[in-house]
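Encoded as structure tokens, the structure appears first; notes follow it.
The values are calculated or read from the model by the stated rules, or taken from the named source; none is laboratory data. This is a predicted model, so every value here is computed, not measured. Backbone-built Cβ (ideal geometry, glycine too); neighbour counts: all protein chains shown. These accessible areas exclude ligands, DNA and RNA; they are computed on the full protein's heavy atoms, side chains included. Shrake-Rupley method; radii C 1.70, N 1.55, O 1.52, S 1.80 Å.
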Amino acid sequence: MARRCLPFLLLLQVWLQLASAHSIVKFLPGFQGPLPFHLETGYVGVDEAEDVQLFYYFIKSQRNHKDDPLLLWLTGGPGCSAFSGLAFEIGPIRFEEKEYNGSLPTLVFNPYSWTQVSSIIFLDLPVSTGFSYARTPLALQRSDFKQVSQAEQFLRKWLMDHQEFLSNPVYISGDSYSGIIVPAVVQKISNGNNDGLKPLINLKGYTLGNPFTDPTFDFNSRIPFSHGMGLISDELYESLKESCGGEYQSIDPENSECLKNLEARDKCISDIEESHILFRKCPSDAPRPIEMIGKRRNLRQNPQEFLHFKPDLPTIGCWNYGFLLGSYWANDDKVRKALHVREGSIGEWKRCNYNYTYEINSCIKYHIDLGIRGYRRLIYSGDHDMEAPFLGTQAWIRSLNYSIVNDWHPWHFQGQVAGYTRTYSSQLTFATVRMTEDVEKANLTYKLEVFFNSCILHWWKDSIVTLQSTKEFSLWLEDLGITGRCIEVIASKVLNSSIKDIVNCLKNINIINKFRSDLIRTAHLGKLNFSAVWLHLAAAHSTVKFLPGFKGPLPFHLETGYVGVDEAEDVQLFYYFIKSQRNHKDDPLLLWLTGGPGCSAFSGLAFEIGPINFEEKEYNGSLPTLVFNPYSWTQVSSIIFLDLPVSTGFSYARTPLALQRSDFKQVSQAEQFLRKWLMDHQEFLSNPVYISGDSYSGIIVPAVVQKISNGNNDGFKPLINLKGYTLGNPFTDPTFDFNSRIPFSHGMGLISDELYESLKKSCGGEYQSIDPENSECLENLEARDKCISEIEESHVLERKCPSVTPRLIDMQGKRRNLRENSQEFLHFNPDLPTIGCRTYGHLLATYWANDDNVRKALHVREGSIGEWQRCNYKSPYTYEIKSSVKNHIDLGIKGYRRLIYSGDHDMEVPFLGTQAWIRSLNYSIVDDWHPWHFQGQVAGYTRTYSSQLTFATVKGGGHTAPGYRPAECFAMFERWIAQEPL
């Protein structure tokens with residue numbers, strides 16, 4: 001009998017050794033040279049007869065593996081390989097993103113791996129995930145409770161085989177669907193410890209990222225999240241709340257209105273990438289469960305009927321292209337050999353395998369129990385994830401009824417707000433992780449750097465001129481090339497000079513010569529007063545064929561010049577004019593006014609809609625480089641970029657009195673300019689004209705359109721073929737613009753739910769004009785200001801960088817209206833932006849525009865201004881127009897076409913406020929809220945109203961939108977100007 005048992009015992013011993021077999025991996029195919037970290041791979045057998053063989057990757061801490069924490073990492077799905085965590089999230093390798101050419105994808109080192117401060121086991125769980133496999137059909141069962149049991153078995157066996165880690169603090173970690181599994185695993189390990197199971201695991205807590213927790217919270221939060229991020233309209237959101245009663249997951253099939261509204265919502269977000277709403281929606285590298293409209297709202301139902309296979313594969317530039325590279329890599333024979341994968345154990349490696357039985361509907365009871373047991377917990381959420389929105393995570397944490405130890409506040413990385421955090425009793429920390437703005441270019445590594453350095457590391461440690469004299473005037477004329485007898489004729493103001501004398505003086509001067517025929521045509525008058533001559537001088541312009549910093553001749557027609565306005569032409573307005581690159585004879589003519597007030601139109605030309613941009617490279621003292629912008633609106637329209645008001649850009653005043661700057665001055669001078677410019681460019685008199693601008697121009701442009709329209713009606717010449725106007729992120733009315741900042745802050749995750757509710761209650765929805773006796777409202781506003789004080793308001797996801805020029809800022813608790821006198825609020829920041837900052841281009845522009853060769857090329861009048869500033873906030877400005885809503889109403893009645901667009905991440909003028917004032921116009925809806933697309937991706941949302949008004953958001957755009965999303969904004973404008981649907 002003993003002899004019979006001996007072979008079986010030997011076989012069992014071999015099999016047990018095989019079940020826990022592991023190998024050291026020193027080289028990986030695709031990675032250059034030896035690995036700079038300790039990698040071990042292997043299998044651990046679990047369940048009866050070890051029929052489930054779980055594959056793992058183990059990486060020792062790169063700091064001090066003897067004392068540093070040990071993490072067991074479980075990737076979500078359920079059914080996604082832990083290789084995702086290793087190569088795409090927190091591990092020390094990642095794929096170099098380059099076009100796959102059939103050769104093995106390249107691996108590079110990730111310097112922000114969590115293995116810098118902890119040892120991590122990446123476990124392929126459940127069975128049939130990654131390289132894990134079953135030896136019998138019965139062992140193939142995959143479910144929540146199976147995962148939990150197998151995870152605990154694995155860890156105890158692994159520690160028995162790696163006893164040097166028995167004393168290390170242990171944390172169980174994961175993300176996504178692991179939010180269901182990890183708490184149950186922690187409880188099972190804890191119970192096992194209490195029951196005396198060996199080895200004893202030194203369990204300290206757990207971490208969860210964007211965790212699924214409970215469908216009531218996770219799924220119901222998607223509706224307010226969709227609204228806060230600008231994916232559904234205000235009206236649909238209110239209708240959803242009313243018809244569904246806040247319950248969007250378990251719906252009464254008889255509630256047709258709720259179902260209809262949910263279908264409308266699903267239609268709005270169907271082309272949005274739910275894992276990050278600013279990413280491109282790309283094909284999946286593997287099939288996955290998807291929600292069916294009106295049918296399934298619970299990921300925990302059996303997913304088989306909802307599996308959809310997409311034949312397309314992600315392409316380079318897609319957020320999930322690395323997943324495809326991972327599939328190519330893991331299915332290479334040399335890779336499997338290097339990883340010591342058992343030959344024939346699996347077929348094709350897939351990153352995710354979704355065949356699964358859901359059993360745990362909610363893990364909240366586990367969180368409650370584990371809190372009582374005193375385990376440390378870190379819950380973190382990427383704030384642009386719609387699969388498990390941060391709002392839902394906040395909600396279920398709030399349901400635990402813990403007291404707050406350290407209230408909602410920003411946490412930082414490298415001096416920037418990296419997210420928001422709150423610490424609760426029962427050792428629970430919640431944090432959001434702000435996502436970078438440039439999501440198409442940003443890779444996960446940067447966010448891992450942020451989160452690792454600023455959150456994880458601390459968490460482990462338990463911490464948390466004027467021309468006044470004749471002489472000056474003569475010098476100015478000499479600069480124009482006017483000399484000798486002409487100076488005597490003009491500078492001495494000899495008003496009785498013969499017109500032929502003046503023509504003879506001027507006929508050889510290029511900037512004046514084109515007016516010669518006009519002057520001769522008026523010769524029959526016999527006399528010409530000085531103001532008529534000065535008008536032609538004031539309208540002087542030149543063609544610019546080359547620009548310093550731009551390689552070669554300009555590929556577009558650029559003209560620069562001055563037009564004199566106001567009495568005696570004492571205000572000299574500088575402009576850049578670019579002809580349409582398509583058909584300037586028929587294409588629309590735009591007059592572009594940049595906001596500020598007081599910012600040069602060069603901003604529009606070089607940073608928004610014009611044909612040149614600055615190449616962003618470190619300034620070294622040489623002239624900054626200009627490059628061509630293929631998304632310029634000049635492809636389909638001619639544009640005049642006007643430096644307005646006076647003392648903006650290269651515009652200047654000839655007398656102190658002419659230096660006055662105000663709303664009404666701007667409006668009057670813009671109209672004068674355009675009529676005079678058209679008189680001098682009569683070939684554009686028949687072109688359709690649009691007035692355009694952004695930011696503070698939302699106040700000015702409608703008034704300019706109104707004034708031009710009135711002038712046309714009054715018979716002013718030349719008649720302007722006015723067709724409408726466009727406005728981007730426009731200031732319109734403080735009641736709408738400023739009050740919308742509070743709900744915007746909440747929707748973007750910048751303030752907590754509790755503070756938002758308290759603000760609504762204490763302030764009554766009025767956050768701009770506050771009763772000084774309302775101390776609770778003021779206190780709440782101060783708390784809100786503290787939360788957002790380090791956020792870049794022009795785009796809440798961008799780094800907050802110094803401004804090149806001083807600008808108006810809202811003072812906490814003091815000023816909530818940009819239209820108050822601004823002088824006491826001017827703050828000078830001595831720091832300059834660095835490369836990588838949005839404002840770095842503004843710095844390059846300052847260097848460029850102050851170069852003598854540039855000014856000469858632009859034909860800027862020498863001595864007319866001192867230093868060029870992109871924005872002039874120093875010169876006094878009088879705010880006179882509090883609201884432009886009444887102008888919008890009147891212009892709608894007059895039938896002008898209007899495009900209003902908003903970058904949806906702008907907090908200076910939130911899209912919510914723009915929607916609100918448009919709603920106040922009481923227009924009927926012609927085409928309701930829906931996504932508009934660019935290159936097959938959702939580029940924003942749009943709604944068309946009666947009275948020829950179109951509103952659009954630009955997804956991922958800031959203040960102002962074209963500077964952030966140039967291609968999308970050009971497509972939007974091109975369609976609208978052609979009277980096509982967006």
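Pairing each residue of the stretch 911-934 that is under 25 Å from ARG280 (Cβ atoms) with any residue that is of a type in the set (Asp, Glu) and outside any helix (DSSP H, G or I), provided the two are 6+ apart or on different chains, yields C-beta distances under 8 Å for PHE911/ASP904; PRO931/ASP271; HIS933/ASP271. If the condition is being open to solvent by 20 Å² or more (accessible area, probe 1.4 Å) and of a type in the set (Lys, Arg), then the stretch 232-279 contributes LYS241, LYS260, LYS267. Taking the stretch 753-769 as the range and being in a loop (DSSP other than H, G, I, E, B) and in contact with a helix residue (DSSP H, G or I) (Cβ under 7 Å, 6 or more places away or on another chain) as the test, the residues that pass are TYR767, GLN768.
Residues of the stretch 909-922 include at least one that is out of contact with any His (no Cβ under 8 Å at 6 or more places or on another chain), closer than 17 Å to PHE731 by Cα and of a type in the set (D, E, K, R).
Taking the conditions exactly as written (touching a helix residue (DSSP H, G or I) at 6+ places or on another chain (Cβ under 8 Å) and among the aliphatic types (A, V, I, L, M)), does LEU35 satisfy them or not?
Details: touching a helix residue (DSSP H, G or I) at 6+ places or on another chain (Cβ under 8 Å): no; among the aliphatic types (A, V, I, L, M): yes.
Judged against the criteria, LEU35 is not a match.
Evaluating GLU254 against the criteria (1) in a loop (DSSP other than H, G, I, E, B); (2) within 25 Å of ASN355 (Cα to Cα); (3) modelled with pLDDT of 90 or more leaves one unmet condition, (2).
Against the condition closer than 30 Å to HIS276 by Cβ, touching a Gly at 6+ places or on another chain (Cβ under 9 Å), surrounded by 15 or more Cβ atoms within 10 Å (Cβ to Cβ) and not acidic (Asp, Glu), how does VAL186 come out, does it pass? Quick ask: steps written out before the conclusion?
On the way: closer than 30 Å to HIS276 by Cβ: yes; touching a Gly at 6+ places or on another chain (Cβ under 9 Å): yes; surrounded by 15 or more Cβ atoms within 10 Å (Cβ to Cβ): yes; not acidic (Asp, Glu): yes.
Yes, satisfied.
Elements of the type helices (runs of 4 or more DSSP H) sitting completely within the stretch 311-380 and holding at least 1 residues that are over 32 Å from the mean Cα position of the chain (by Cα) and surrounded by fewer than 18 Cβ atoms within 10 Å (Cβ to Cβ): these cover 333-339, 364-372.
Return the residues of the stretch 211-226 that are of a type outside the set (D, E, K, R) and open to solvent by less than 30 Å² (accessible area, probe 1.4 Å); say none if nothing qualifies.
In the first step, residues of the stretch 211-226 are kept if they are of a type outside the set (D, E, K, R); the result is 211-213, 215-217, 219-221, 223-226.
Answer for the stretch 211-226, where residues must be of a type outside the set (D, E, K, R) and open to solvent by less than 30 Å² (accessible area, probe 1.4 Å): PRO211, PHE212, THR213, PRO215, PHE219, ASN220, SER221, ILE223, PHE225, SER226.
Kindly indicate whether ILE201 is assigned to a helix (DSSP H, G or I), at pLDDT 95 or above and closer than 20 Å to TRP158 by Cα. Taking the combined requirement at face value, the residue does not satisfy it.
Filtering ILE269, ILE232, ILE293 for residues that are touching a helix residue (DSSP H, G or I) at 6+ places or on another chain (Cβ under 7 Å), over 21 Å from PHE323 (Cβ atoms) and at pLDDT below 90 leaves a single hit, ILE293. Which one of these is hydrophobic (A, V, I, L, M, F, W, C), farther than 17 Å from GLY174 by Cβ, at pLDDT below 95 and open to solvent by 40 Å² or more (accessible area, probe 1.4 Å): LEU138, LEU104? Selected residue: LEU138, the only one of LEU138, LEU104 that is hydrophobic (A, V, I, L, M, F, W, C), farther than 17 Å from GLY174 by Cβ, at pLDDT below 95 and open to solvent by 40 Å² or more (accessible area, probe 1.4 Å). Candidates in the stretch 558-587 are the residues that are of a type outside the set (Ser, Thr, Tyr), touching a Ser or Thr at 6+ places or on another chain (Cβ under 7 Å) and assigned to a loop (DSSP other than H, G, I, E, B); of these, the one that is nearest to GLN660 (Cα to Cα) is ASP570.
Return the only residue of LEU722, LEU755, LEU727 being touching a strand residue (DSSP E or B) at 6+ places or on another chain (Cβ under 8 Å), open to solvent by less than 50 Å² (accessible area, probe 1.4 Å) and over 22 Å from SER884 (Cα atoms).
The match here is LEU755.
The sole residue among LYS98, LYS204, LYS198 that is surrounded by fewer than 16 Cβ atoms within 10 Å (Cβ to Cβ), under 39 Å from the mean Cα position of the chain (by Cα) and charged (D, E, K, R) is LYS98.
Restricting the stretch 395-415 to residues that are over 28 Å from the mean Cα position of the chain (by Cα) and part of a loop (DSSP other than H, G, I, E, B) leaves a set whose member that is surrounded by the most Cβ atoms within 10 Å (Cβ to Cβ) is TYR402.
For LEU166, work out the one condition from (1) more than 30 Å from LEU262 (Cα to Cα); (2) buried (at least 24 other Cβ atoms within 10 Å of the Cβ); (3) hydrophobic (A, V, I, L, M, F, W, C) it doesn't fulfil. Answer for LEU166: the failing condition is (2). In the stretch 339-366, the residues that are among the β-branched types (Val, Ile, Thr) reach residues that are crowded, with 19+ Cβ neighbours inside 10 Å and outside any loop (DSSP other than H, G, I, E, B) with C-beta atoms within less than 7 angstrom, at least six apart or across chains, in these pairs: ILE346/TYR133; ILE360/ASP144; ILE360/ILE180; ILE360/ALA184; ILE364/TRP396. State whether the residues of the stretch 113-121 include one that is within 30 Å of the chain's Cα centre (by Cα) and modelled with pLDDT under 95. Checking the stretch 113-121: not a single residue is within 30 Å of the chain's Cα centre (by Cα) and modelled with pLDDT under 95. When the stretch 20-52 is limited to residues that are in a strand (DSSP E or B) and among the hydrophobic types (A, V, I, L, M, F, W, C), the one that is surrounded by the fewest Cβ atoms within 10 Å (Cβ to Cβ) turns out to be ILE24.
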